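So the structure is just underneath, and the comments pick up after that.
The values are calculated or read from the model by the stated rules, or taken from the named source; none is laboratory data. Being a predicted model, the structure only gives us computed values, none of them experimental. Backbone-built Cβ (ideal geometry, glycine too); neighbour counts: all protein chains shown.
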Amino acid sequence: MSLGLPVGAVINCADNSGAKNLYIIAVTGIKGRLNRLPAAGVGDMVMATVKKGKPDLRKKVMPAVVIRQRKAWRRRDGVFLYFEDNAGVI
C-alpha cells in the first residue's frame, strides 16, 4: 500500500457530519523514522481537525478514517487502483 497522505495534508470529508475539509495532524500506529513525515493510506486511522464546516466541529481533534487517495497503489492481483480525490470520514 502506497501511503499518499502525509501529516499536513488537507482532505475532503465524505460523510454527512457537516465538515467539508479535514486537516491531518497525526497518523495512528506509525512508529516513525527521523525526519520522515508519518503518512496514511486508504483504511488508516488519522487524527484530524476540521478546517471548513460547521462551527461546532471546528477547533477539535477527532479521529477520522481515510477512504480515498489519489496516489495509486498495487493490489496483490496486480491491479493498480487510485481515486479522483483524497477523502476521509469522521
### Summary
Subset of the stretch 1-36, residues in contact with a Pro (Cβ under 8 Å, 6 or more places away or on another chain), modelled with pLDDT of 95 or more and among the aliphatic types (A, V, I, L, M), comes to Val7, Ile24, Ala26, Val27
### Query
Given (1) in contact with a strand residue (DSSP E or B) (Cβ under 9 Å, 6 or more places away or on another chain); (2) of a type outside the set (Val, Ile, Thr); (3) on the phi < 0 side of the Ramachandran plot, where does Asn16 come up short, assuming only one miss?
(1)
### Query
Can you name the residue in the stretch 1-33 that is β-branched (Val, Ile, Thr) and free of Cβ contacts under 8 Å to residues at least 24 places away in the same chain and, of all such residues, is surrounded by the fewest Cβ atoms within 10 Å (Cβ to Cβ)?
Ile30
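Condition check: of a type outside the set (S, T, N, Q) and at positive phi. Does Gly78 satisfy that?
Answer is yes for this residue.
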### Query
From the list Ile90, Ile67, which residue is surrounded by 15 or more Cβ atoms within 10 Å (Cβ to Cβ) and modelled with pLDDT under 95?
Ile90
